[in-house]
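Just below is one structure, and these are the notes that go with it.
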Amino acid sequence: PVALAAVDLALWDRAGKLGTTAAGLLGALEDGAWTSLEADLALASGAWPEAADRYRALLDGAVVGPVRAAVQAGLAEALCRLDRGREALPAALAAAGAFEQLGMADRAAEARYWQACAAYLMDAAADARTVLLDLLERSRTGSAISPDLQLRVLIALGSTEGREGHAE
């Protein structure tokens, strides 16, 4: 029962982020829908190597549109959490670009956060700072950035500045 509740919650959350219902998501996806959900659950549970493998397998398949962008964003997050910034950067950039084209600014902002994380992991603090400051500015001008993401951006910006010796 607990596992089913987690699946229901993840499916509901994923569908909401993609602007559809859980039933619509399952009906719209072809083969691999449960694999995508399993990848999301692996990511959420901290099984990052498994999540990265599942996301890569999905990208080798026929996922398209917002689902493909979500898979790319998931891959970017999993790789960042594994300290593999160089591998994460292309996935984060692809996800952000796709979400922007789809008019999904909130999801694009999340992907940009993982872009900044990848840059930070690659010792490109200036690039990470630029992306984080842009996200912070967007949040202050009313863009669709969640309070959770805004807080993560502030923490990441503090980490980036501290790493560079700019604690002030």
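The values are calculated or read from the model by the stated rules, or taken from the named source; none is laboratory data. Small disclaimer: the values here were computed from a predicted structure and weren't measured. Glycine gets a Cβ as well: all are built from the backbone with ideal geometry, and neighbour counts include every protein chain shown. The area values use the complete protein model at the heavy-atom level, side chains included, leaving out ligands, DNA and RNA. Shrake-Rupley method; radii C 1.70, N 1.55, O 1.52, S 1.80 Å.
Brief remarks follow.
- Pairs meeting the criteria (first residue in region 115-141 and touching a residue at least 40 places away in the same chain (Cβ under 8 Å), second residue β-branched (Val, Ile, Thr) and open to solvent by less than 30 Å² (accessible area, probe 1.4 Å), beta carbons under 9 Å, at least 6 apart or on different chains) are Ala116/Val131; Ala116/Val153; Ala116/Thr160; Tyr120/Thr160.
- Filter result for Ala42 (assigned to a helix (DSSP H, G or I) and not charged (D, E, K, R)): yes
- Residue match in region 14-33 (condition: closer than 22 Å to Ala118 by Cβ and modelled with pLDDT under 95): yes
- Residue pairs whose Cβ atoms lie under 9 Å apart, sitting 6 or more positions apart in sequence or on different chains, and linking a residue in region 142-166 that is over 14 Å from Asp127 (Cα atoms) and in a loop (DSSP other than H, G, I, E, B) to a partner that is basic (Lys, Arg) and open to solvent by 60 Å² or more (accessible area, probe 1.4 Å), are Ala144/Arg138; Ile145/Arg138.
- Some residue of region 84-107 being among the aliphatic types (A, V, I, L, M) and touching a residue at least 60 places away in the same chain (Cβ under 8 Å): yes
- Selection count where residues are open to solvent by 30 Å² or more (accessible area, probe 1.4 Å), under 9 Å from the mean Cα position of the chain (by Cα) and not hydroxyl-bearing (Ser, Thr, Tyr), scope region 93-114: 2
- Residues being under 12 Å from the mean Cα position of the chain (by Cα) and of a type in the set (Gly, Ala, Ser) - total across region 53-89: 7
- Filter result for the condition that a residue is over 15 Å from the mean Cα position of the chain (by Cα), surrounded by 18 or more Cβ atoms within 10 Å (Cβ to Cβ) and farther than 24 Å from Ala44 by Cα, over Thr160, Thr141: Thr160
- Among residues of region 47-92, those that are open to solvent by 30 Å² or more (accessible area, probe 1.4 Å) and either assigned to a helix (DSSP H, G or I) or among the acidic types (Asp, Glu) (or both), counted: 19
- In region 139-165, the residues that are within 18 Å of Ala111 (Cβ to Cβ) and modelled with pLDDT under 85: Ser139, Ser143, Ala144, Ile145
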